[in-house]
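Written below as structure tokens is the structure these notes are about.
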Amino acid sequence: MDADLHLHTLHSDGTYTPEELVAAAAGHGLAIIALTDHDTVEGCAETAALAARAGIGFLPGTEITAELHGRELHILGYFLALGDEALARELGRAQEIRQERVRQMVRRLNARGLGIDPEAIFELARCKAPGRPHVARALVEGGFCASLDEAFDKYLKKGRPGWVAKEKIAARRAIELIQGAGGLAVMAHPGLNHDDTLVGKLARLGIDGIECFHPRHGAGAPERYLSMAREFGLLVTGGSDCHGTSKNRPTMGTVRLPMSFVEILRERLHQPRPAALPAPAVGPAVGGPAGGNVPPAESAPAPSPAPLGS
Ligand SMILES: [Zn+2]
Ligand SMILES: [Zn+2]
């Protein structure tokens with residue numbers, strides 16, 4: 001009985017419908033899944049109902065595109081109250097930014113003689129959080145490229161004619177939003193950032209956990225991140241980051257998180273947060289004097305980060 005806490009549907013850049021996602025999870029014998037579409041919680045209610053019918057546990061989540069010191073990083077949110085207004089407002093803004101970015105990409109491509117209708121991309125994406133994979137699909141379907149890979153290589157990668165910089169939410173704000181919605185904030189796939197110092201910086205901003213298990217984490221990475229989780233008192237998560245067939249083969253089933261990790265997440269939900277870690281003795285202080293997510297004085301707990309399942 002395992003969990004997969006990192007999954008996408010067509011509510012962002014995955015290809016599975018919620019039905020297909022739940023069916024695949026059942027096929028893999030998963031006991032718990034979390035939906036973590038980029039910058040949206042749109043599919044959570046529907047997926048929760050389908051999962052319940054299939055006898056699979058469900059955690060409502062998201063994966064926020066965030067930024068710290070100019071670096072893009074992804075922050076997963078779990079156990080979110082879907083009706084939280086601040087979260088809805090900020091995700092709505094992130095979705096508008098994504099839609100405007102698609103329009104800008106199309107303008108750039110059309111200025112080079114391609115004829116793409118941005119509305120056709122929104123039509124094809126049918127979600128509020130469209131992104132480059134949808135533009136890539138439009139390029140293939142319009143006959144401008146033979147494959148999604150070619151669309152990225154030729155037009156959509158950084159430095160290519162259709163590339164447009166992405167405006168992101170500050171990491172501190174993303175963590176606040178997730179925690180403000182009653183959730184746990186977790187750094188997604190730290191290995192893809194190629195900068196492990198980000199883990200300590202996010203810990204000082206009050207992040208709750210780190211995704212140690214991810215299909216693109218190479219040999220030795222899980223152990224390295226487990227040890228960092230212990231060092232910074234962070235929770236541990238993992239998931240397949242399955243996007244259906246939009247990024248080659250579905251990865252569901254390749255990363256299976258034992259249920260004991262999910263139990264620890266649940267326990268942490270009901271505990272007050274440990275105070276944010278003090279700034280490091282050496283090196284630049286991160287976060288400035290306002291200091292991470294130090295809880296208000298009336299709820300300040302003893303600073304005792306729980307060890308990870310020892
Ligand atoms: Zn990600
Ligand atoms: Zn993801």
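Observations on the model:
- Extreme residue, surrounded by the fewest Cβ atoms within 10 Å (Cβ to Cβ), among residues of the stretch 224-266 that are among the charged types (D, E, K, R) and modelled with pLDDT under 95: 249
- Unmet requirement for residue 210, which otherwise passes all of (1) buried (at least 24 other Cβ atoms within 10 Å of the Cβ); (2) assigned to a helix (DSSP H, G or I): (2)
- Qualifying position, being of a type in the set (Asp, Glu), closer than 28 Å to residue 70 by Cα and not assigned by TED's automatic domain parsing to the domain that holds residue 243, among 149, 117: 149
- Of 47, 17, 9, 36, all but one fail to be closer than 25 Å to residue 212 by Cβ and free of Cβ contacts under 8 Å to residues at least 60 places away in the same chain; the exception is 47.
- Residues in the stretch 157-175 that are surrounded by fewer than 23 Cβ atoms within 10 Å (Cβ to Cβ) and either within 16 Å of ligand 2 (Cβ to nearest atom) or more than 15 Å from the chain's Cα centre (by Cα) (or both): 157, 158, 159, 160, 161, 163, 164, 165, 166, 167, 168, 169.
The values are calculated or read from the model by the stated rules, or taken from the named source; none is laboratory data. Being a predicted model, the structure only gives us computed values, none of them experimental. We place every Cβ from the backbone using ideal geometry, glycine too, and count neighbours over all the protein chains shown.
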